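Derivation of every value follows stated rules applied to the coordinates shown; laboratory data play no part. Just so we're clear, the structure is a prediction, and the values are computed from it rather than from any experiment. Here the Cβ positions follow ideal geometry from the backbone for every residue, glycine too, while neighbour counts run over all protein chains shown.
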Ligand code: TMP
């Protein structure tokens with residue numbers, strides 16, 4: 001663990017440290033796992049290592065198809081070098097099928113296909129339990145402007161297409177997922193860039209044949225085998241072939 005470096009921010013699942021040069025940060029993936037706004041907590045050994053690798057995989061591939069993001073390179077098992085952004089305080093959720101809070105809100109069975117992909121915005125504020133917000137709230141309170149909202153929506157749909165394809169090809173259905181964005185400033189202009197992470201913590205992933213959950217719902221709903229399922233997601237994506245031995249050897 002990087003005790004020499006200055007800690008910039010500690011969240012529930014990740015820590016940000018000062019980076020080696022201005023405009024960069026180091027993102028450290030913890031094993032800490034929370035759900036329902038920290039009501040439920042656990043340390044799942046190895047989770048941070050898996051999420052670091054899965055997020056690296058998607059951020060790198062998204063970059064190659066022209067979707068700019070904060071990822072620069074992975075540094076070690078738990079850390080990646082990222083570009084420092086001005087974080088937009090919103091969570092953008094993309095849904096392809098009903099599940100979770102959407103199913104609860106509208107009484108829809110989980111797994112029911114939606115007529116089209118739906119994008120929702122939530123305010124990133126744990127004290128308020130991340131309330132859902134509309135474009136009216138976002139622009140009135142200046143969390144983002146209309147151009148930025150348009151950019152986030154367009155990027156989210158492109159990311160959805162790419163990720164649905166990547167998961168679909170390995171027999172995993174992308175039910176929904178959450179993204180976060182930030183502003184990358186160049187002189188007086190800023191551009192909306194993908195931030196945070198893409199991992200089984202931030203997606204709902206169902207095994208396409210059996211409909212078994214392979215994501216954080218295993219933890220939220222006490223289904224067991226959380227790490228085994230995260231590892232299987234990584235294995236199917238063709239990454240972390242060495243993971244089982246690494247886990248047995250202990251991860252620190
Ligand atoms: P929801 O159905 O609970 O609203 O979640 C939608 C998606 O967003 C699901 O893939 C889980 C993800 N998510 C997060 O990554 N962080 C959060 O804090 C919440 C509430 C959901």
> In percent, what relative contact order does the chain have, based on Cα pairs under 8 Å that are 6 or more apart in sequence?
Replying inline: 18
>> Which one, 222, 151, 196, has the greatest fluctuation when you compute a Gaussian network model over the chain with C-alpha springs under 10 angstrom?
In response: 222
> Considering every Cα-Cα pair within region 72-171, what fraction, in whole percent, is farther apart than 16 Å?
Replying inline: 68
> With contacts defined as alpha carbon pairs under 8 Å and 6 or more residues apart, what's the relative contact order of region 143-197 in percent?
Replying inline: 26
>> Running a GNM on the chain with Cα contacts under 10 Å, which residue among 126, 176, 217 ends up with the highest mean-square fluctuation?
In response: 126
>> What are the extents of the Cα atoms of region 133-176 along their three principal axes, in Å, largest first?
In response: 42, 17, 10
> Looking only at region 155-180, which residues have a backbone nitrogen under 20 Å from a spot 7 Å from the Cα of residue 9 in the C-beta direction?
Replying inline: 156, 178-180
>> Ratio of alpha-carbon Rg to the 2.2 N^0.38 Å globular estimate for region 170-231, to two decimals, please.
In response: 1.50
>> Can you show me the helix-derived [θ] at 222 nm for the chain, built from DSSP H runs with n ≥ 4 at -39,500 (n - 2.57) apiece and divided by the number of residues, rounded to the nearest 500.
In response: -9000 deg cm²/dmol
>> For a quick check, take a GNM of the chain with Cα springs below 10 Å and name the residue from 81, 211, 25 with the largest mean-square fluctuation.
In response: 211
>> Under the rule a/c < 1.5 gives rounded, and otherwise a/b versus b/c splits prolate from oblate, where does region 11-132 land using the Cα gyration tensor?
In response: prolate
>> Restricting to Cα pairs below 8 Å that are 6+ residues apart, what does the relative contact order work out to for region 90-144? Please round to a whole percent.
In response: 33
>> Considering the Cα positions of the chain, please state its Rg to one decimal place and its Dmax as a whole number of Å.
In response: 17.6, 52
>> Tell me the volume per residue, in Å³, of the convex hull enclosing the alpha carbons of region 60-99.
In response: 144
